[in-house]
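K.L.:
This is the structure, below, for whatever I ask next.
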Amino acid sequence: MTEMIRWGVLGAAKIADNFVVPAIQRSSNGRVTTIASRDRARAQTFARKHGIENVITSYDEVIASADVDALYIPLPTASHVEWCKKALLAGKHVLCEKPIAMTADEVLELIALRDKTGLVCGEAFMVAHHPQWTFVRDSLTQGLIGELKLVEGSFTYFNDDPDALKNNLSLGGGGVRDIGVYPVVTTRLATELEPTRVEAEVVLDPRFGTDRFARCIAEFTGFSMSFYCGTQMSRQQHMLFHGTKGWLSVDAPFNPGVYAPAQIHHRSDESGETRTIKFDDVDQYQLMVEDFAKAVLGGKPGLTFTLENSLGNQRVIDQILAQGAEAKI
């Protein structure tokens, strides 16, 4: 294999078009060589925009191509595991959009298949690669805000389009799977801990059957975490880590540079001052695809965000969705 990963993309999804494919094309170790879409005209437009040579209407043909080393899968959530399995069984490495599966049991199946094939398979959690989260994790480890007591988070947007994939229950739509995963994953990444108890209240949209609002509480050893997510609310995202000697407030925890500048405010009780740490000119998508390519090329021992980490996150999401129906809070 050369020092450049040849990527194939299954579907011309918005996130592929706006973020991931441009990041691959800018990366130091990969290029998209093939785009597949069942709508040929859409695929051709996508290919021209991003300088992609091959346009194919069959996903299976891309998976079988000898000119593709790895696949990026931005298909609807309910299709993720099916196409991840097909790709791995065909000898292709896979980077799949989040959430990579519908349940934790499905993630376990992917882990087993990854281990059997010896291929690289990962979930596209771009936030795991942004240095602002390394800063939060290191700050907590070093006791910068004392003992962590509370984490608060939110992630919302407004979309009540009946034709939107995110509002299609059969395709794996709903707010918890789409955006609720982010407060969960960043808290787990920052603290390197798993919750001991999860409770949630979930409100369903009667038109779609998908969750349009969720309010969640997770208990960790030493601290509590609460967050809400909603798909029919004004756009908002924020994370706060509150300790005994100060706090860290993350302005744009999930989409820095798009939602708001990448910056963290640190309040210190000792100094009585609040300082702002800025993270300029960081492309978390490019860092993510380069990390994946390095793992494929053997330049590093493995992915930064492993399927085992995906499993931990999916277990929390499963609990939120299961307990949400009971409306315990």
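The values are calculated or read from the model by the stated rules, or taken from the named source; none is laboratory data. Here the structure is a predicted model, which means the values were calculated and not measured. A quick note on method: Cβ atoms are made from the backbone with ideal geometry, for glycine too, and the neighbour counts reach across all protein chains shown.
K.L.:
Output the residues belonging to the stretch 103-147 that are surrounded by fewer than 19 Cβ atoms within 10 Å (Cβ to Cβ) and within 14 Å of the chain's Cα centre (by Cα).
P.N.:
Across the stretch 103-147, there are no qualifying residues.
K.L.:
Quick one: is Leu71 surrounded by fewer than 23 Cβ atoms within 10 Å (Cβ to Cβ), in contact (Cβ under 8 Å) with a residue 40 or more places away in the chain and not hydroxyl-bearing (Ser, Thr, Tyr)?
P.N.:
Taking the combined requirement at face value, the residue does not satisfy it.
K.L.:
Follow-up. Take Gly180 and tell me if it is surrounded by 22 or more Cβ atoms within 10 Å (Cβ to Cβ) and either modelled with pLDDT of 95 or more or assigned to a strand (DSSP E or B) (or both).
P.N.:
yes
K.L.:
Taking the condition of being crowded, with 23+ Cβ neighbours inside 10 Å, assigned to a strand (DSSP E or B) and of a type in the set (Val, Ile, Thr), how many residues in the stretch 1-34 meet it?
P.N.:
Of the residues in the stretch 1-34, 3 are crowded, with 23+ Cβ neighbours inside 10 Å, assigned to a strand (DSSP E or B) and of a type in the set (Val, Ile, Thr).
K.L.:
May I pose another question? Ala322 versus (1) part of a helix (DSSP H, G or I); (2) out of contact with any Asp or Glu (no Cβ under 7 Å at 6 or more places or on another chain); (3) surrounded by 18 or more Cβ atoms within 10 Å (Cβ to Cβ): which is the lone unmet condition?
P.N.:
Every listed condition holds for Ala322 apart from (3).
K.L.:
For Thr134, indicate whether it is within 23 Å of Phe19 (Cβ to Cβ), among the β-branched types (Val, Ile, Thr), outside the structural domain of Tyr72 (by TED's automatic domain parsing) and part of a strand (DSSP E or B).
P.N.:
Working: within 23 Å of Phe19 (Cβ to Cβ): yes; among the β-branched types (Val, Ile, Thr): yes; outside the structural domain of Tyr72 (by TED's automatic domain parsing): yes; part of a strand (DSSP E or B): no.
So Thr134 fails the test.
K.L.:
So, one more: Just give me the residues in the stretch 152-172 being touching a helix residue (DSSP H, G or I) at 6+ places or on another chain (Cβ under 6 Å) and either among the charged types (D, E, K, R) or buried (at least 23 other Cβ atoms within 10 Å of the Cβ) (or both), in sequence order.
P.N.:
Once the filter is applied, which keeps residues that are touching a helix residue (DSSP H, G or I) at 6+ places or on another chain (Cβ under 6 Å) and either among the charged types (D, E, K, R) or buried (at least 23 other Cβ atoms within 10 Å of the Cβ) (or both), the stretch 152-172 yields Gly153, Phe155, Lys166.
K.L.:
Check whether at least one residue in the stretch 190-203 is surrounded by 21 or more Cβ atoms within 10 Å (Cβ to Cβ), assigned to a helix (DSSP H, G or I) and either of a type outside the set (Ser, Thr, Tyr) or modelled with pLDDT of 95 or more (or both), and report yes or no.
P.N.:
There is at least one residue in the stretch 190-203 that is surrounded by 21 or more Cβ atoms within 10 Å (Cβ to Cβ), assigned to a helix (DSSP H, G or I) and either of a type outside the set (Ser, Thr, Tyr) or modelled with pLDDT of 95 or more (or both).
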